[in-house]
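Following: one structure in structure tokens, then a few remarks.
The values are calculated or read from the model by the stated rules, or taken from the named source; none is laboratory data. Since the structure is predicted, the reported quantities are computational estimates derived from the model, not experimental observations. We place every Cβ from the backbone using ideal geometry, glycine too, and count neighbours over all the protein chains shown. Accessible surface areas use protein heavy atoms only, side chains included; no ligands, DNA or RNA. Shrake-Rupley method; radii C 1.70, N 1.55, O 1.52, S 1.80 Å.
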Amino acid sequence: MICTVNSVALKGLDGFMVRTECFVDRGLWELGVIGLPDAAVNESVDRINAVISNCGLPVKKGRTTINLAPADVKKSGAVHDLAMLVSLLKFTLFEEVELDGMCFVGELSLSGELRPCRGALSMAIAARDAGMKEIYFPAVNANEASMVEGITVYGINNVGELCRHLRRTQRLDPAVFDRSEVRKNSHLLIDFADIKGQESAKRAAEIAAAGGHNLLLIGPPGSGKSMISKAIPGILPDMSFDEILETTKIHSICGMLESGVVDTRPFRSPHHTMSFVGLAGGGANPMPGEISLCHNGVLFLDELPEFDKKALEILRQPLEDKCITITRASGKVTFPAAFMLVCAMNPCPCGYFGSDQRSCSCSKHTVSKYISKISGPLLDRIDIQIEVGAVNFEQLSDKRRGESSEQIRERVNRARSIARERYKEHGIGCNAQLNGALTKEFCRFDEAAGRLLESAFKKLAMSARGYDRILRMARTIADLDGCEMIGEDHILEAIQLRSLDRKYFQ
């Protein structure tokens, strides 16, 4: 006798269907699993035997083989426990139950309770796309999976609940996701109103948030670089539902969901001792790294030159392509990585090179060696480079509060709305995502702006990438001003925001 039950497994960020085929032959009771299972899947045999005994479940005795198809793809984890148990019970308790169109996912405890699993959102999407009508998850994962439309999600606490539901003696209510309950912004720890002085740096942060531009802040210790950087998430535009879904999917795969969904833009600030694998992602079974965990959010690298050079150079390709592809012996996986890079650094090891308040103790060679840790190609990909000077006493003692993050975010949201409407046929959400052709089409400037741009290109020896990035920043500044055409003032401000590469990085 053979029966088939549907389950789902994960590969990278995506799920794929697994057919759990159960065959009971004559002989003594013995349960074996085939289909390239890993150690966790093989251990399912002992968990299932314990559940059958502890819950008093009737099973057809005999030499039993469970095959996880496709058999040429390695299966990992304990998420197939529930499907394997259901396939055994199909010959007894569920003999009259039609299981076609149903999908079962979950790890069993020895007592029959269901434990949470990673990647519920990806699994629900894969099941829906495969034509499944219902999917059963541990109750903890039900709210997350119910974000997916087109499939009914049931959350179960234990095997007893599932048995009663399938036999229609006590039906469960399907999980329902309420979009209105998704918070748009969490409480801000740092408000721009609490940052004294640094008006030019605040303006740069606003432009960066409005256009999705990368930002580099250079200045002496205590000037507020880190504080400004950590306040940036508070002025980023509200997340769309699609962005919430996509970001939640990544965090779910990594087992990092604290609540049902990721409803605020991620802000990741890894320590400078992090390896390139931790930053980019990888492993025997590739998992997302920091650059994917901050997808649709901010990656903040404090003390930039202290990071390993190999780790920094890994950022170059994701900053252009908005994704990263990792190839291992087990296969090739592509993770999304559309993040806003924010960096902060001192101008030299002692931190006071160029300061007018304290003399620098570093030699010219030491300063050059320190700065050279940031490669030209990486620097070229950072749109905004601004110097953050020390705050004076008058600014620190000023009792007046500055402009709040909420007020700045209103302008950022307005600028992003203009950009989304402009690029709605191209699938782009902000100016920083423009390619060369779209930059030429949408970043149009008047005659005076053109003359200024030509003069700056020649005098400042801009690269082609630098030229495009100046135009994209000018486009963002024009959007903040509500102007359709890029003007001379917009070009001039954009050039000023990208001038430190000539002061520090020559």
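With +1 on each Lys and Arg Cβ and -1 on each Asp and Glu Cβ, how big is the dipole of the chain about its Cα centre, in debye rounded to the nearest 20?
Numbers: 62 positive and 64 negative charges, 188 e Å.
Dipole of the chain, to the nearest 20 debye: 900 debye.
Taking Cα atoms only, the orientation of helix 44-55 departs from the longest principal axis of the chain by about 60 degrees. Ligands, DNA and RNA are left out, and with a 1.4 angstrom probe the accessible area of the chain is 45 Å² per residue.
Backbone amide hydrogens, once placed in the peptide plane, bring residue 446 within less than 5 Å of 486, excluding anything fewer than 5 places away on its chain. Here the accessible area of segment 315-429 is 48 percent carbon and sulfur, with a 1.4 angstrom probe and all protein chains present. All other residues whose Cβ lies under 9 angstrom from that of residue 297 are scored, Lys and Arg at +1 and Asp and Glu at -1, for a net of +2.
For segment 74-88 versus segment 308-363, the spacing of their alpha-carbon centroids is 41 Å. If you take all other residues with their beta carbon under 15 Å from the beta carbon of residue 108, and give Lys and Arg +1 and Asp and Glu -1, the sum is -4. Here residue 399 is the anchor, and the lysines within straight C-alpha reach of less than 26 Å, apart from those fewer than 8 places off in the same chain, are 196, 202, 225, 230. For segment 186-281, with all protein chains in place and a probe radius of 1.4 Å, 54% of the accessible heavy-atom surface sits on carbon or sulfur.
Compared with the dominant principal axis of the Cα atoms in the chain, helix 464-481 is inclined by about 90°. Other residues with beta-carbon under 12 Å from the beta-carbon of residue 33 carry, at +1 per Lys or Arg and -1 per Asp or Glu, a net charge of -4.
Express in nm, to one decimal, how much length is gained between residue 439 and residue 129 on full extension, taking 0.36 nm for each residue of separation and deducting their alpha carbon distance.
Working: separation 310, 0.36 × 310 = 111.60 nm, distance 3.57 nm.
Extending this stretch completely gives an extra 108.0 nm.
The largest-to-smallest principal axis extents of the Cα set in segment 1-41 are 41, 22, 11 Å. Ranked by the mean number of other Cβ atoms within 10 Å of their residues, highest first, the peptides 19-26, 296-303 come out as 296-303, 19-26.
When the alpha carbon gyration tensor of segment 38-161 is reduced to an equivalent ellipsoid, the three semi-axes, largest first, read 22, 16, 15 Å. Near residue 337, the amide H atoms lying under 5 Å from its own belong to 323, 324; only residues 5 or more places off or on other chains count, and H is placed 1.01 Å from N. Less than 5 angstrom separates the built amide H of residue 18 from those of 7, 8, 9, all sequence-distant by 5 or more or on a different chain. For segment 438-448, 3J(HN,Hα) computed residue by residue from phi via the Karplus equation (6.51, -1.76, 1.60; θ = phi - 60°) reads 6, 4, 5, 6, 9, 9, 8, 10, 7, 5, 4 Hz, glycine and proline entered as x.
Note that segment 141-158 has calculated 3J(HN,Hα) couplings of 8, 5, 5, 4, 5, 6, 5, 7, 8, x, 8, 8, 10, 10, x, 10, 8, 7 Hz, one per residue in order, obtained from phi through the Karplus relation 6.51 cos²θ - 1.76 cosθ + 1.60 (θ = phi - 60°); glycine and proline are x.
With a 1.4 Å probe and all protein chains left in place, how much of the accessible area of segment 60-167 comes from carbon and sulfur atoms, in whole percent? Spell out each step's value before the answer.
Details: 1770 of 3930 Å².
Ligands and nucleic acids excluded, carbon and sulfur give 45 percent.
Based only on Cα atoms, what mean projected area does the convex hull of segment 83-238 have, in nm²? Before the final figure, lay out each step's value.
Values: hull surface 55.5 nm².
For segment 83-238, the mean projected area of the Cα convex hull comes to 13.9 nm².
Over the Cα atoms of segment 380-505, compute the convex hull volume and normalise it per residue, giving Å³. Each step should come with its number before you reach the end.
Values: hull volume 16.5 nm³, N = 126.
Roughly 131 Å³ of hull volume per residue.
Working note: Karplus 6.51/-1.76/1.60 with θ = phi - 60° gives segment 385-395 the couplings 10, 9, 8, 10, x, 5, 8, 8, 5, 4, 5 Hz, where Gly and Pro are set to x.
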